[in-house]
Structure formats: structure tokens, C-alpha cells
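Here's the structure, in C-alpha cells; my notes come after.
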Amino acid sequence: MTGGGRESEGGEEEVRGARRIPGPRGAADDLDLASVPLPPLPPPGGSAPDEAVPEQSQPASASASGDAPESDAGEPEPDPGPGPAAEAWPEPGPCPEPEPGPEPEPADGHPHPAAPEPEPAAPAAEAWPEPGPGPEPADGTPESPAPDPLVSSAPVALPHQVLKALLGAWALSACSAEETAAVEDHLTGCAPCADEALRLRDAVGLLHTDGSLDLDPTLRTRVLDGCFGRRPARIPVPEWAAPYDAETARLDALLRDIGDSEWHAPVRLQWFEEERRVSRRTTVAGVIGHLMAVDGLLSAALGLDDPLDGGKAPLDPTERTETYWSATRRPPTRAVREPWRAQSHELIRTASFAGRNVAETSVSYGAFALPLQDAALDRAFECWVHGGDIADAVDYPYPAPSAAHLHRMIDLAARMLPAALAGRRSAGLAGPAKDLVAAGAPGRSLHLEIEGHGGGDWYIALDSPAAVGAPERAVAQVALDGVEFCRLVAGHISPVEAAAGQEGDREAIRDVLFAAASLSRL
């Protein structure tokens, strides 16, 4: 390329050193002009010959006038920068970085107008070189910085110890969005932290004020079973005394939680006598005194001290209670709790040391007698029933016994029903016997089906207490919920109110339901 003496020294060498541009490109908006270095400006005094410069794709008229060509949409194309007319310059392409130097003045002596800044290009799928600082405006005001890119939603990279320390805040939903994403991403790959996070989330559920903080009623049994499983007791509590031990402990836990004033809360005790409901009004402390007085029957059978006056005290439970209440000069207070609990502990301890033979020891209730193992079960039943009476008076939750213990209480009531039915028949309160059989032979029976908690099936002999209930001789069937049946036996609901499914002999069904209610007493 020849300059014909029209170019100054050094300018021709710079033009000759530039790489030759390939053929014409497409539209100018396909190129990120901000990342392409500009070619050196020509020296004043002329321009390179036309044959040495390839033609541009832009129209000459648009470049000569200094206006950028418009696209099809009518928007002006960005100008690559100040320079001479388009016919004197090749299209911008990949060129080497020129040496910095003073910018030569144009040949016509007039300064070039400042070119408008190019529009920022949209981010492409592949990485683009980071643009450098753009030129300052002509008035010297610094250009405002470009807006920050959008914050990524990817989790931040945090070390294990930091993420472990954030588990508590994460369980309480107190982490920021970035910390939450980082913790949850970490939990997918760290099993120890995932287990800890699960325990913390469960613990957060206990902080809700609308939840009950009362302990699980089976917690004591499970803890004792675990302890005895690891180291069995040298002298274990007899199996037949376990319900009494559990129910006295549950009632004692209720009494420990109530205040002094609640010991004087009114409690109404209810039971059935013959065909009518009877009630007696007392206090929480009076109920505990009643339990202690009747438990004295078991103490006397085991040779322990009777809380009443030894052998002079009556044997009937109702008379013993009235004797105790009348002997108390002042209304009983919470001071009655300690002697009652000490008495129950002594009963269980003595029965445990006495061995197996003591289970058959007879305990007299005046009008009837029970072996010690059944008497302990009877006392466990009454302790649960009166514990519910106290809980209702002081507005305290008090669930039913465990299924195994409740099943044994229902079994005791079912075994007592034939004798109770015979007693009502002797008093003229039940229908006559229809089919007498020899003792031990299968007789006419009622199928008692107990559903739900502690349920099972029992066959009640209808005509004689010495007969044996048998499925093949069943003439009627009654279905009751376990807790509902116990409330009927305790005298808390009448036989008419009991929600019972009935089928078969109506007279037999009525006699059995009223016999169950007659088992109740003070």
C-alpha cells in the first residue's frame, strides 16, 4: 500500500502493520463494540487511497453525514466511535492493541464530535470479556456505574461448622434466604446434620403455646420397663399388683401438681343403689381420705396397721368412709396425701416380699370377700375412677389406664356379674332363672363384647353363678366401648344411658346392664 507522500511519518508504518480484514461482516449489532479496540486514527493531511481500503457495508451517505444507520425496527445503530467517513475506514475487526500515543488532530482542523456511548449488549450464553471503564462524557462528569447483576439463587458456600451452627436458627425459620438454601443443600449430603435438624424441628413443635405440656401417661411405664430391662429388680412387684402400683402413682402425680386451694375443690361422688343413682358431695382431700380408709382392708389382710381403729372399724367400704370422715375434727387438707401414699407403698412392698402365696389371701368387704389379687385390682379401678373425679373438679387431663390394665379391670367386673345378677334376682330386681344347670356346666349366656381400649369377649352366665358361660348357649349380645363399660360399672352413667349395641333376649340384656351398674359403691 502506497501513501503517495500524503501521510506523515509513522502513520504509514502503523497502517502497514495492521492485519488485513476479511470480507464484509453482517450488521453492526452482531458485535460487542465495547470489547473491540479501535484502530489508530489517520494522520492529518489526507487519507489512504481508495484501492487500499475495502468497501464498508454501510451506505456512504449515512457515514458521511455522521448519522448512524437505522435498523429495520427504526432504531439507530450504535456508532463505533469518532473517526473519518466510512469510505476511509475498514469495518472493525479483530486488531492488535495499538500503542498509546497522542491523538492526532483531524486534517480539516475541526474537532470530531463525541460519539454516543454504545448500548450495553445483552448477556449471551457464552462468557464475554469483562468491559473496561468507558470514556468520560465531554463535560467531565463521571459516568454512573452500571447496575449490579441479579443476585444468584444458588446457595452460598459455607464451611461445615458454620452450617452446623445455623441449624438452630434454620429450625426456627430465622435464617436468611441464602443461609436457608445453603443449610438445606448441606442437609442432603450430611447425615449427622440431617438427624440433628430433624430433632431440632421436633423440639420447636414443643414451643407452641397451644400444645399440651403434660407428659405421656405411659411415660412412667416405659421408663420403668427400660430400667428393669437393663437391670431387673431383685424383688419385682407381682404382676397382679402392677395395676394398683400404676394407678396410685398416676393419682399421686396429679395431687402433686395441684395447689393448696384446689384440695378444697368440691367433688361429687356417684354410684347406684338398687334402681336409683346416689351421690355424695365432698372435697379432693375427702376423696383421698376415702381411698385410704378402704385401702385399710388390704392392710389388715396383710397384717399391716389399719388407718382406722384396728379391728373395731367396720368392714363395709361405705361405713368405713363415713367413720373416717366423722372422726376427722377438721376438713382434711393436703396433709392427707403423705399417709395415703405411704400406705400404698407399704402395701406394694409387703406384697412383693410375701411371694406368690399371698395372692390368694382373702380380703373381706363385709357382704362379700375377694382374694388379694382381685382386691388389689378392685382398688386400682377405684383409684382410677376417683382420680377422674378429682381431675374433673380441678380441670386436669386424666386419661384411661393402659390397655393391659384396663382389660384386667373389665375381666374382674365380668367375673363378678353372675353373682351380682343372682343377688338382684334374690331381691326381686331381675327376671327369674329359665334354665338351671349343674355347677360347672354350660348355661344360658350373654355375649359381652367390649370394643376399643382394653377390649375382648366375655360370656356371662345368666341363670346361676355356678354355671359356665359358653358361646353355643348365648341368647343375647351386648357391645360396649371399654371406657363406657367401666363408667357403667362405676355408677357414672345409668344402664339406660349406656351406648350399647343390643341383640337377642331383651330381658337378659336389661338384667346384665343393671347388674353391672349395681357393682358400683361409694
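The values are calculated or read from the model by the stated rules, or taken from the named source; none is laboratory data. Just so it is clear, the structure is predicted and the values come from calculations on it, not from any experiment. Cβ sites come from the backbone with ideal geometry, for glycine too, and all protein chains shown count toward neighbours. To get the accessible areas, we keep the full protein, side chains included, count just its heavy atoms, and leave off ligands, DNA and RNA. Shrake-Rupley method; radii C 1.70, N 1.55, O 1.52, S 1.80 Å.
What to note about this one:
- Of the candidates 399, 442, the single residue that is open to solvent by 50 Å² or more (accessible area, probe 1.4 Å) and within 27 Å of residue 239 (Cβ to Cβ) is 399.
- Conditions (1) open to solvent by 40 Å² or more (accessible area, probe 1.4 Å); (2) of a type in the set (Gly, Ala, Ser); (3) under 19 Å from residue 415 (Cα atoms): number failed by residue 461: (1)
- Residue 451 vs. criteria over 25 Å from residue 382 (Cβ atoms) and out of contact with any Ser or Thr (no Cβ under 9 Å at 6 or more places or on another chain): no
- Reported count of residues in the range 408-423, each being of a type in the set (Lys, Arg) and crowded, with 18+ Cβ neighbours inside 10 Å, is 1.
- Selection from the range 250-278 of residues that are open to solvent by less than 100 Å² (accessible area, probe 1.4 Å), in contact with a Lys or Arg (Cβ under 7 Å, 6 or more places away or on another chain) and closer than 14 Å to residue 385 by Cβ: 269, 270, 271
- Within the range 475-522, the residues that satisfy the criterion of being open to solvent by 30 Å² or more (accessible area, probe 1.4 Å), farther than 20 Å from residue 378 by Cα, free of Cβ contacts under 8 Å to residues at least 60 places away in the same chain and not in a loop (DSSP other than H, G, I, E, B) are 475, 477, 501, 502, 503, 504, 506, 510.
- Filtered residue count, the range 326-345, keeping only those that are modelled with pLDDT of 90 or more and either open to solvent by less than 70 Å² (accessible area, probe 1.4 Å) or not charged (D, E, K, R) (or both): 10
- Among (1) buried (at least 16 other Cβ atoms within 10 Å of the Cβ); (2) in contact (Cβ under 8 Å) with a residue 40 or more places away in the chain, the one test that residue 456 misses: (1)
- Filtering the range 434-463 to residues that are over 19 Å from residue 504 (Cβ atoms) and touching a Leu at 6+ places or on another chain (Cβ under 7 Å) leaves 453, 454.
- Among the candidates 392, 374, 378, residue that is within 26 Å of residue 250 (Cα to Cα), touching a strand residue (DSSP E or B) at 6+ places or on another chain (Cβ under 9 Å) and either among the hydroxyl-bearing types (Ser, Thr, Tyr) or open to solvent by 40 Å² or more (accessible area, probe 1.4 Å) (or both): 392
- The requirement of being at pLDDT 90 or above, in a helix (DSSP H, G or I), open to solvent by 40 Å² or more (accessible area, probe 1.4 Å) and closer than 24 Å to residue 356 by Cβ is not satisfied by residue 246.
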